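Everything below concerns the one structure shown next.
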Amino acid sequence: MARMTPSSFSYGFDLGPRFQELRPLGTGASGLVLAAVDRRGGRRVAVKKLVLRDALGAKHALREVKITRRLRHDNVVRVYDTLGPCGRPLPRDLAGITAVYIVQELMETDLGRMLEGGPLPVEHATLLFYQLLRGLKFIHSANVLHRDLKPANIFVNPEQLLLKIGDFGLARIVDPHYSHKGYLSEGMVTKWYRSPRLLLSPNNYTKAIDMWAAGCILAEMVTGRMLFAGAHELEQMQLILDTVPVLREEDQQELLKVMPSYVSHGWEVRRTLQELLPEVEDEAIDFLERILTFNPMDRLTAEAALRHPFLRRYSYPQDEPVAPHPFRIEDELEDSLPIIGALLAAAGALWLSG
Ligand code: ATP
Ligand code: MG
């Protein structure tokens, strides 16, 4: 066993001698993220530690590893390596392994921190949003749903105005050629970026849900304010209904059942998006209205949104790639098997793809 340098065990990271100059970057729900210098190649990296506390934790960690390894795109935080204890390659048999380390490209900041300084100039917001959609088009083409898009999970190098989507801790695989209802059962997305359909039926995850979150993020970039900041789920829905028209009969019927007192005033919105965001120019409002639709069927996909006039200055379809090897139904099912089965399958998949 390699002799440990003092840095190898800092902050409870058991990474072996390869990584040095560790310093904390942030603490997320799943654990600590450190910046470090990778002596192999000399580059600066961010290392996320996923603790495998129990079978469920292991399942989630392996899912994040499996998904992020395959997603290589300019607008997705690059994963260089996934390691086990002592910074060794992940073994075939994961029994007894207590932590997995995801070694990623180091980004300068996240959009959440950037927005603490106030709204962004429209030009900057537009270029960043273009990249968000470009990344999302790729992720969705791989049959991956991010499911937790919010400013803190979107990474930025402000000087180059470079944006990359990160934190795939809640991401799931879904093959649209098959029904997936029932498999996706963990409604955990941060409330403020949750679409109305998801508020109504928390198990019904689709690509359109990521697009709703993206729309909320665009509004937040240009105003500096969170678009719909409900204190709880009911208020979140009320805020949405105040501004987003419910056009389809079936949605109106469903809402009447769930919140009859609120919708008794009729189906007129109380204030339009334009009134809610007076500082936002018309073309951006028109774009947002195509994304923030009540019904997901009416919502622009990432690919379609890239072609909207709002993004005409940046859009270049020949350079907006899709995933060469999308995940398929086997991956989705593997994800939904009983935990032990999934663990074994994921360990095998890791071994094969590694
Ligand atoms: P949460 O569930 O709270 O969103 P998480 O545990 O899933 O968090 P991440 O979102 O991946 O973890 O990372 C937590 C924080 O660590 C980020 O908000 C950011 O501040 C920092 N961080 C993570 N990855 C990177 C990176 N590649 N470059 C720079 N900072 C990073
Ligand atoms: Mg996060």
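The values are calculated or read from the model by the stated rules, or taken from the named source; none is laboratory data. Worth saying up front: this structure is predicted, and the values here are computed from it rather than measured. Methodologically, a virtual Cβ is constructed for each residue, glycine included, from the backbone with ideal geometry; neighbour enumeration extends over all protein chains shown. Only protein heavy atoms, including side chains, enter the accessible area calculation; ligands, DNA and RNA are left aside. Shrake-Rupley method; radii C 1.70, N 1.55, O 1.52, S 1.80 Å.
Quick notes
- For the range 144-173, filtering for residues that are open to solvent by 10 Å² or more (accessible area, probe 1.4 Å) and assigned to a loop (DSSP other than H, G, I, E, B) leaves 9.
- Complete set of residues in the range 302-322 that are in a helix (DSSP H, G or I) and surrounded by 13 or more Cβ atoms within 10 Å (Cβ to Cβ): Ala302, Glu303, Ala304, Ala305, Phe310, Leu311
- Lone qualifier among Thr126, Thr82 - being part of a helix (DSSP H, G or I) and among the polar types (S, T, N, Q): Thr126
- Qualifying residues in the range 38-55 (those that are surrounded by 18 or more Cβ atoms within 10 Å (Cβ to Cβ) and away from ligand 2 (no atom under 16 Å from the Cβ)) - the one modelled with the lowest pLDDT: Leu52
- Whichever residue in the range 228-240 is open to solvent by 20 Å² or more (accessible area, probe 1.4 Å) and of a type outside the set (Asp, Glu) and, among such residues, is nearest to Leu127 (Cα to Cα): Ala229
- Restricting the range 203-261 to residues that are in contact with a strand residue (DSSP E or B) (Cβ under 8 Å, 6 or more places away or on another chain) and of a type outside the set (Val, Ile, Thr) leaves a set whose member that is modelled with the lowest pLDDT is Tyr205.
- Test: residue in the range 327-341 that is open to solvent by less than 90 Å² (accessible area, probe 1.4 Å), under 20 Å from the mean Cα position of the chain (by Cα), modelled with pLDDT under 95 and among the hydrophobic types (A, V, I, L, M, F, W, C): yes
Table: residues versus (1) of a type in the set (Ser, Thr, Tyr); (2) in a strand (DSSP E or B); (3) without any contact (Cβ under 8 Å) to a residue 24 or more places away in the chain.
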residue: Gly16; (1), (2), (3): no, no, no
residue: Thr27; (1), (2), (3): yes, yes, yes
residue: Val37; (1), (2), (3): no, yes, yes
residue: Arg44; (1), (2), (3): no, yes, no
residue: Lys49; (1), (2), (3): no, yes, no
residue: Leu56; (1), (2), (3): no, no, no
residue: Ala61; (1), (2), (3): no, no, no
residue: Glu64; (1), (2), (3): no, no, no
residue: Thr68; (1), (2), (3): yes, no, no
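- Unique residue being touching a residue at least 12 places away in the same chain (Cβ under 8 Å) and closer than 24 Å to Val47 by Cβ when the list is Gly135, Gly96: Gly135
- Residues being more than 10 Å from ligand 2 (Cβ to nearest atom), open to solvent by 40 Å² or more (accessible area, probe 1.4 Å) and more than 13 Å from Ser10 (Cα to Cα) - total across the range 20-37: 1
- A count restricted to the range 263-301 and to residues that are outside any helix (DSSP H, G or I), open to solvent by 50 Å² or more (accessible area, probe 1.4 Å) and under 22 Å from Thr223 (Cα atoms) stands at 6.
- Here Val103 clears all of (1) within 16 Å of ligand 2 (Cβ to nearest atom); (2) part of a strand (DSSP E or B); (3) within 24 Å of Arg18 (Cβ to Cβ); (4) open to solvent by less than 40 Å² (accessible area, probe 1.4 Å) except the condition numbered (1).
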